[in-house]
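Only the coordinates and a few stated rules stand behind these numbers; no lab work does. If you're wondering where the values come from, they're calculated on a predicted model, not measured in any experiment. Note that each Cβ is placed from the backbone with ideal geometry, even for glycine, and that neighbours are counted across all protein chains shown.
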Amino acid sequence: MTRRRCLAFGAGAGAALLAGGTHAAEPIDVVVELFSSQGCNSCPPADNLLGELRGKPGVLALTFHVDYWDYLGWKDTLAGPDLSQRQYDYAKARGDMEVFTPQMIVNGSKQMVGSQRSEVFAVLDQSRNKQWPVPVTIGDHGKELVVEAAAGDAGEATLWVMPILDQVNVKIEKGEMAGREVVYVNVVRKLVPAAMWTGPATRVALPKDGLLTPDATGCVALLQKGKLGPILGCAAWGRVTS
């Protein structure tokens, strides 16, 4: 059984490059986002599945830790309100109002229970892109990371940049998962809306000391239609994939 929270809303991103440039990574053709929590005892199967997906060719697998289960007795060490808000905003954009853990979202549009292997693999197979609508690149320029989105006619989009921690083991001491140790992969540590894209080619230079968190091992750029719609292009830098 998943942890579900139904919401009633009122008014109110290419090719990957591994760290050091020692060898090229597989091109990214599908993006999987898992919303998980250290306070959710139904999440470990999905966390394990995401670790498996991380090793699949062409799959960019990301973990977002939400904070809305902290009240159960354990404060998630990797969570943040901005990561929870991303999940809420996805639900609003889709119009289904479904927010729960473990929830997977593929290419910014299709959502499912993150532990249901057969459904996850079926959606992945259906969602692979031979070419993203708007190619995105991210490169190391010394003290800066430079993100570029090509010109296109896909409408208005948001360029998100996300520092990543590639792997971390967490021993959970309280709450529903007390006594368990879980391995999390490609954990998003911060969300940065770096630019709005409206069609012309866009270049953004981001100082590393202001962008990267102290534990970051890499960075991901996603170009998404509107604020949080379908992914139009993506790229990764550093130690992100397996």
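Quick one: in the chain, what % of C-alpha pairs are over 29 Å apart?
Tail of the P(r) past 29 Å holds 23 percent of the pairs.
Ranked by Cβ crowding within 10 angstrom, fewest neighbours first, how are Ser36, Ser84 ordered? Mind dumping the intermediate values first?
Numbers: Ser36 30, Ser84 22.
If I rank by nearby Cβ atoms, fewest first, I get Ser84, Ser36.
Where does the charge balance sit around Lys174 when Lys and Arg score +1, Asp and Glu -1, over other residues with C-beta under 12 Å from its C-beta?
Numbers: positive: Lys75, Lys171, Arg180; negative: Asp70, Asp76, Glu173, Glu176.
Result for the neighbourhood of Lys174: -1.
So how do Lys143, Lys92 line up by other beta-carbon neighbours within 10 Å, fewest first?
Arranged by neighbour count, lowest to highest, Lys143, Lys92 become Lys143, Lys92.
Find the centroid of the Cα atoms in segment 164-242 and in segment 37-59, then give the distance between the two in whole Å.
If you average the Cα positions of each part, the centres end up 15 Å apart.
Quick one: which residues, 5 or more positions from Glu144 or on another chain, have an amide H under 5 Å from its amide H? H modelled 1.01 Å from N in the peptide plane, none for Pro or chain starts.
Those lying under 5 Å, H to H, from Glu144 are Lys208.
Beyond 19 Å, what percent of the Cα pairs of segment 79-177 remain?
64 percent
For Leu223, Leu211, Leu49, what's the fewest-to-most ordering of other Cβ within 10 Å of each Cβ?
The order, fewest Cβ neighbours first, is Leu211, Leu49, Leu223.
Which pairs break 25 Å Cα to Cα here: Lys56/Lys174; Lys110/Lys227; Lys92/Lys225; Lys75/Lys190; Lys56/Lys143?
Lys56/Lys174; Lys56/Lys143
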